[in-house]
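The values are calculated or read from the model by the stated rules, or taken from the named source; none is laboratory data. If you're wondering where the values come from, they're calculated on a predicted model, not measured in any experiment. Cβ placement follows ideal geometry from the backbone for every residue including glycine, while neighbour counts extend to all protein chains displayed.
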């Protein structure tokens, strides 16, 4: 069994404050705690990216901007703008929520284009890409289809939950994968 040091474990944690009422004092506290415990990243709403980048200047702690958070219900063009804006403000990581309406519509071409576009922007800028599925609203076949798309596009990480939905990650969700036989396009 592999053993980890406290610092190695801390480097696996995204310290998060995505509350809609989080003010500057909350961001200062978040960044102070991230430094104190040497967390890998602070996850924040994109509007706070520049502030957190400034507060964490000179550290190795990443600033992760949440895009189209928490609902994912914006157009691809809006997500592209928000992604580019957050990167310009200093984001080292991008967490974006897939368009759940298009998943429910089985419009997997749209979802693939969305994932590919956001992931490509991140790759070009040297920024980590994370796609959030929000599994609590999805059926098993939808999760598998998203996993198949992600397997093709290869974002850096897949997340199962925003923490704002009706349920969080489950062991069953994590075990799910895209079977080779699943067809994602009609």
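Here are some notes:
- The stretch 94-133, subset assigned to a strand (DSSP E or B) and touching a residue at least 60 places away in the same chain (Cβ under 8 Å), residue surrounded by the fewest Cβ atoms within 10 Å (Cβ to Cβ): 128
- Meets criteria (under 21 Å from residue 83 (Cβ atoms) and touching a strand residue (DSSP E or B) at 6+ places or on another chain (Cβ under 6 Å)) for residue 42: yes
- If you filter the stretch 134-151 down to residues that are in contact (Cβ under 8 Å) with a residue 40 or more places away in the chain and either within 12 Å of the chain's Cα centre (by Cα) or surrounded by fewer than 21 Cβ atoms within 10 Å (Cβ to Cβ) (or both), you find that the one that is nearest to residue 162 (Cα to Cα) is 134.
- Selection from the stretch 152-186 of residues that are modelled with pLDDT of 80 or more, surrounded by 14 or more Cβ atoms within 10 Å (Cβ to Cβ) and assigned to a helix (DSSP H, G or I): 153
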